Structure formats: structure tokens, C-alpha cells
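A short worksheet on the structure shown next.
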Amino acid sequence: DGTYVALACLDFAHTILIFDWKNNILHARWNGGAKKILCLCFGSPYAPAPPLVPAEGEVAAPLPAANVESPALRLAYGGIIHFGLADVKQQGSVNAKTGLYGTGIKKTNALCCVALPLPAEAGNEFLIGFSNGTVGVVTKGDKRISNFVPVLERGSITSLWVCKLKDTTAEEGPSYQVVVGATQGHIKILDMEFAPTAEFNIYAHDAYSL
């Protein structure tokens, strides 16, 4: 909802910081690893986490014990030959885990990521775009790519965006489409099963070109 901003630093540890930017409050920080981070994405929906550092002159209020162990905010991040997922828990506690590509899968650069609308019973949580032209699917609460969707025969996935068509209700899950941007001007639209429904090239000489 715009309350938080996440950033990855270019220090040796590639530190990840989460701020409440309106109030200039640091909520969490942790080491992102030895390799450069290229993308960050909050899970959606999420519950606000309490600040790690209270505002000047204030003392952080104690939290109910029932909330201390429950994940409040979920973050996916990726970069050079790696990706990771983190649960930022109450009081700024972070549980960060290295993402798993899967047995026999060659690691490749994670260039972009996006959160998916979650149905009430959980499901797919994040999509990660890789430099080998595939989109990786991460299910709710997992750290492993459950499925690699081949989108391009050549080129890299450089951007991802989710167009939500319908919110989750008690009776039905959400409805959405995924827009995938790639090198050489390729754009594809995927349905909820990640099958292409339309594609075009912004550099082609047609109605969709620049």
C-alpha cells in the first residue's frame, strides 16, 4: 500500500533495508549475500510490521505474544545467479532464506520479480524473471521454484507486471493476467496458468510498434 520501501545497497554484504519512508523509520535490515541484488518485491497482501527503530522520542510499544511469531511481511529478491525470500517478523526479526532453483537446474540471473494476488487457501505467491528467458513460480511460504515457465527461446525477462482483474472473495480466488517484458522489445501476456494469450513486439512495424 506504499507504506514501506525496500532497497538493496552496493556494500560488500549487499545489505537490504526496509523503511517506513513517510515517518523515516527503519523497520528491518539484513545481509543480502555476496552477489549483487537486482530486484526486490513485497508479497501481497501483507500486514504492517512494527518498526525496528521507533520514531525520535518514542518507545516502541510491546506487542501481543500471539503476533510475535507470525510473519508480517514477505519479500522476494533476486540478482546475480541467486534469489532469496525473507519473512520480516514482529519487532524487526528477519528470517531470510536462499532460494532454491531445483535439482539439475542451472542457476541464472534473476532480473525482476512480482507478487501475485493470493487466493484464500494460498497458492502461487511470486514470479521471478530470469536471464535465460524463463519465469520462475514460487508458491506461498516456499523458497523453491516450483515451476519454470519457458517464455522466450532467446533473450532475458526484464520486467513483470500483474494486472489484477478480480479480487479474492470467500467463494472464489483472484483473477489476473501477467504482462512479461523481455529483451528486443518482446511483450507477452500470460493467463493464470501462465499460458500466452497475446504477444507483440514494440519494434515491429505494426499497430503496436513505437
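The values are calculated or read from the model by the stated rules, or taken from the named source; none is laboratory data. Please read these numbers as outputs of a predicted model, since none were measured by experiment. Backbone-built Cβ (ideal geometry, glycine too); neighbour counts: all protein chains shown. Surface areas here come from the heavy atoms of the whole protein model, side chains and all, with no ligands, DNA or RNA. Shrake-Rupley method; radii C 1.70, N 1.55, O 1.52, S 1.80 Å.
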Subset of the stretch 1-55 that is among the aliphatic types (A, V, I, L, M), assigned to a strand (DSSP E or B) and open to solvent by 50 Å² or more (accessible area, probe 1.4 Å) - its residue that is modelled with the lowest pLDDT:
Val5
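Quick check: anything in the stretch 181-189 open to solvent by less than 30 Å² (accessible area, probe 1.4 Å) and either in a loop (DSSP other than H, G, I, E, B) or among the basic types (Lys, Arg) (or both)?
First, the residues of the stretch 181-189 that are open to solvent by less than 30 Å² (accessible area, probe 1.4 Å): 181-182, 185.
Filter again for either in a loop (DSSP other than H, G, I, E, B) or among the basic types (Lys, Arg) (or both), leaving none.
No: zero hits.
List the strands (runs of 3 or more DSSP E) inside the stretch 85-176, counting only whole elements, that have at least 2 residues being of a type in the set (D, E, K, R) and open to solvent by 60 Å² or more (accessible area, probe 1.4 Å).
Details: elements: 94-98, 110-115, 124-130, 134-139, 145-150, 157-166.
The qualifying strands (runs of 3 or more DSSP E) are 157-166.
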Tally of residues being in contact (Cβ under 8 Å) with a residue 60 or more places away in the chain and of a type in the set (Phe, Trp, Tyr) across the stretch 104-136:
1
